[in-house]
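Written below as structure tokens is the structure these notes are about.
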Amino acid sequence: MLVTRTAYQSTTDKALSWLFVMPVIIILLLAAFIPLGWGLYLSFFRYKLNMPSATAFIGLRNYLNIFTDELTILSLRNNVIFAGLSVSIELLVGVVVAMMLSGDTRLSRGLVSILMVPMIVAPVAAGTLWRMMLDRTYGVINYLLSFVGVPPILWLGDPKIALYTVAFVDAWLYIPFVAVLILSSIKAMPTSFLDAARVDGASPWKVFWRIILPIVSPVIIIVAMLRFIDAFKVFDTIFVMTQGGPGNATEMLPTYIYRQGIKFLNIGYSSATAIVFVIAMSVVAYAFQKLRDRQLVRLG
Amino acid sequence: MKIRKIFTIALILLLVVTGFALAQKKFAGKSIRVLYFSATYADAAKEYAKEFEAATGAKVEVVDFPYLTLYEKMGLALSSGDSSYDAVTPACQWDGEFEPFMEDLTPYIQKDKFDSADIIPNLWEQSGKWNNRIMGIPFSNTPQTLAYRTDLIKKMPTTWDEFLVLCEKLNNPAKGFYALAIPGAKEQLSGLWMMVQWSLGGRWADEDWNLAIDSTETRKSLEIAKKWMKYADPAAPAWALGESDAAFLNGNAAIAFSWPTLSIAPNGDNPAKSKVVGKWAIAPIPFEKNGVTVLSSWDIGIPKAAKNKDVAWEWIKLYTSKEKQLSNFLKYSILPSRISVWQLPQVKSNKLYPHWQASQQGAVIWWRIPAGTMAETYVRDAVSNYITNQWGLSKAVSFMEDGMKKLLEEYPPAPGVKNTGR
């Protein structure tokens, strides 16, 4: 029997759909858009919470200050290096680890469980642990390196090294997350592709490069997007390990926004910085989405 | 029948006694929440809470946060009118920021004839009083002192030049022994630099807020702070206070900068925690021109939004009483704000007594205006970037000056408010 949809049914379906979606829209409005709108409004004011008398509408001056404030620019630069470096390490090591654990043996299953350990450590705890381990004089890392003749390194006190050190710690924390997602994507691949390639005499490298990597690449792009945005929002690890120092060598935008908003109670300026941050991250997310869509089209 | 009579009489007596006891406890059933810095101050408060409850019937919940987060917790609670806390303990440099949100304690002091004359006058001016109002009672003050090894140093120098000569003599990196234990992370290091600048006769601004930071003293003090690093463990630029104190207590340094009262004094003579038992003492920093400054002072007051102000005042009286200040000193190494406590024989014979000389001077090294914390951050960034060779001397000085100038323009001190600190 042929079922035809009447105009009435179509309208009812639409109304029902809206009804089901409405709670999410309301929650989003309350939890995200209203605070964001309020933040946007505050960003046009000089507003220091502990000096209400100094409040004044200053238009776009907070935004102009962002681009002339050398510490904001420095924080942005640090943030880009930090996120770029940590996410690159995570993806590179994550893919390698996922490949190594993709077999279905008892050992690989056991190793996956062990691999999850850094993921369940709170970033504050991890930061504290690493801070102690990386101490130049008393830390275990330099102690171990001394056995291979490496002189003591000032991991967190040297401005030339500190940024890379905290990026490494962030990578250590999130490699398991990346590896587990890529691993699940590899395991979900149809085995027929791999079998066919092996029958045709493809080397393991070619199987990886020509088959596995292209198929899991949309997942890698999504993971990269999630991690890049997350790495850009880094706070706890930096706060615990360096407080943005030495000097401002590890100052990031979130620690800078925190400093302005929570430490100085300088709500107007921190709101403007936060709005710029949200816009920048939205652009990044959009770029990654586009890249993923293009990859999906290419894969057919 | 007789037993019933006895039982009835006993019951009545019990009720009378209980009623009497309850009537004595003025604040029975009430409770207050007090906010402290997570250090010995909070430990002492927790100890006295039981005694306070037994005496007044009111419960005391002591909430404490580390220094790094205390300011924001207190600032947000006060400025948003949050009534969670019945008493708070601002550091002296936050007084100007928090004063609009704090109760004036003058009526309480007058009502109870609180012995105000016993509080060190200079200290109270700098910690607890603001804009002709009393917003807190000081309960602890820590002048700039350092801890040193008595087996290696006979007398601490009084000038920075002599100090550096001594450092050169003591430093022995080949043996893992350094002249100085320094918390080089920017939070603490900038405080240390401030004391040098002050001791050399430098200031951030004059009393009318005309900037004076671009000076010979500022430059010389920055250079001195940089030279310290030559005589400290190379790990020091990343050290917080804990690591620095540990280095001294482990016997790896001859002189420890900053806050001997927080960790070195309570642990220095404990063999389980110290390798320098009986071999350390406290001395003022080389004070040169301006003398020693009070780096830290804490006062306790009542937020305007507090729900139980009378109970909070009762707690303040107990916590700042002579008896408790003595106990604070002997048990927790908290330096008293009361003159009479400093005169007690058991205080005079204590290793921490050299702090008294410094306490009397009572100069506070911070700006106490609402923009004070922001100004301090400019100083932190400049000092840390200079010490770690990221900025030159001129850049560091101009960064501080430009920052402070902008702050004073955007957030000027209230009319009539003079710069009594730095």
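The values are calculated or read from the model by the stated rules, or taken from the named source; none is laboratory data. Note that the structure is predicted; figures quoted are calculated from it, not measured. Note that each Cβ is placed from the backbone with ideal geometry, even for glycine, and that neighbours are counted across all protein chains shown.
Worth pointing out:
- Annotation note: Cβ proximity below 9 Å between a residue of segment A:284-300 that is small (Gly, Ala, Ser) and a residue that is surrounded by 13 or more Cβ atoms within 10 Å (Cβ to Cβ) (sequence gap 6+ or interchain) occurs for A:285/A:225; A:285/A:228; A:285/A:229; A:287/A:225.
- Residue within segment B:12-32 that is at pLDDT 95 or above and either β-branched (Val, Ile, Thr) or touching a helix residue (DSSP H, G or I) at 6+ places or on another chain (Cβ under 6 Å) (or both) present: yes
- Being more than 14 Å from chain A (Cβ to nearest Cβ) and within 30 Å of residue A:241 (Cα to Cα) is a condition met by no residue of segment B:102-117.
- Against the list (1) in contact with a Leu (Cβ under 9 Å, 6 or more places away or on another chain); (2) basic (Lys, Arg); (3) over 28 Å from residue A:227 (Cα atoms), the condition residue A:131 fails is (3).
- Residues of segment B:203-213 classified as at pLDDT 90 or above and either over 15 Å from residue B:379 (Cβ atoms) or crowded, with 21+ Cβ neighbours inside 10 Å (or both), total: 6
- One residue from B:334, B:339 being under 21 Å from the mean Cα position of the chain (by Cα), β-branched (Val, Ile, Thr), in the same structural domain as residue B:32 (by TED's automatic domain parsing) and surrounded by 24 or more Cβ atoms within 10 Å (Cβ to Cβ): B:334
- Check on residue A:55, within 14 Å of chain B (Cβ to nearest Cβ) and either touching a His at 6+ places or on another chain (Cβ under 7 Å) or loosely packed, with under 10 Cβ neighbours inside 10 Å (or both): no
- The residues of segment A:250-279 that are among the aliphatic types (A, V, I, L, M), assigned to a helix (DSSP H, G or I) and in contact (Cβ under 8 Å) with a residue 24 or more places away in the chain, listed by number, are A:253, A:267, A:272, A:274, A:275, A:276, A:278.
- Output for segment A:42-68, where each listed residue is in contact (Cβ under 8 Å) with a residue 24 or more places away in the chain and either part of a helix (DSSP H, G or I) or among the charged types (D, E, K, R) (or both): A:42, A:46, A:48, A:62, A:63, A:65, A:66
- Answer residue from segment B:54-82, given it is in contact with a strand residue (DSSP E or B) (Cβ under 7 Å, 6 or more places away or on another chain) and among the charged types (D, E, K, R) and is nearest to the other protein chains (Cβ to nearest Cβ) among those: B:73
- Top-ranked residue in segment B:236-262 [being closer than 18 Å to residue A:238 by Cα and assigned to a loop (DSSP other than H, G, I, E, B); ranked as farthest from the chain's Cα centre (by Cα)]: B:239
- Residue B:324 meets each of the listed conditions (1) surrounded by fewer than 21 Cβ atoms within 10 Å (Cβ to Cβ); (2) modelled with pLDDT of 85 or more apart from (1).
- Within segment B:198-235, considering residues that are within 14 Å of chain A (Cβ to nearest Cβ) and outside any helix (DSSP H, G or I), the one nearest to residue B:68 (Cα to Cα): B:235
- Count of segment A:58-80 residues which are farther than 21 Å from residue B:396 by Cα and either among the hydroxyl-bearing types (Ser, Thr, Tyr) or surrounded by fewer than 13 Cβ atoms within 10 Å (Cβ to Cβ) (or both): 4
- Tallying residues that are surrounded by fewer than 22 Cβ atoms within 10 Å (Cβ to Cβ) and either modelled with pLDDT of 90 or more or over 19 Å from residue B:379 (Cβ atoms) (or both) within segment A:233-254 yields 6.
- Residue B:410 in contact (Cβ under 8 Å) with a residue 60 or more places away in the chain, charged (D, E, K, R) and surrounded by fewer than 24 Cβ atoms within 10 Å (Cβ to Cβ): no
- Residues of segment B:158-183 satisfying the condition of being in contact with a Leu (Cβ under 9 Å, 6 or more places away or on another chain) and closer than 21 Å to residue B:218 by Cα: B:160, B:182, B:183
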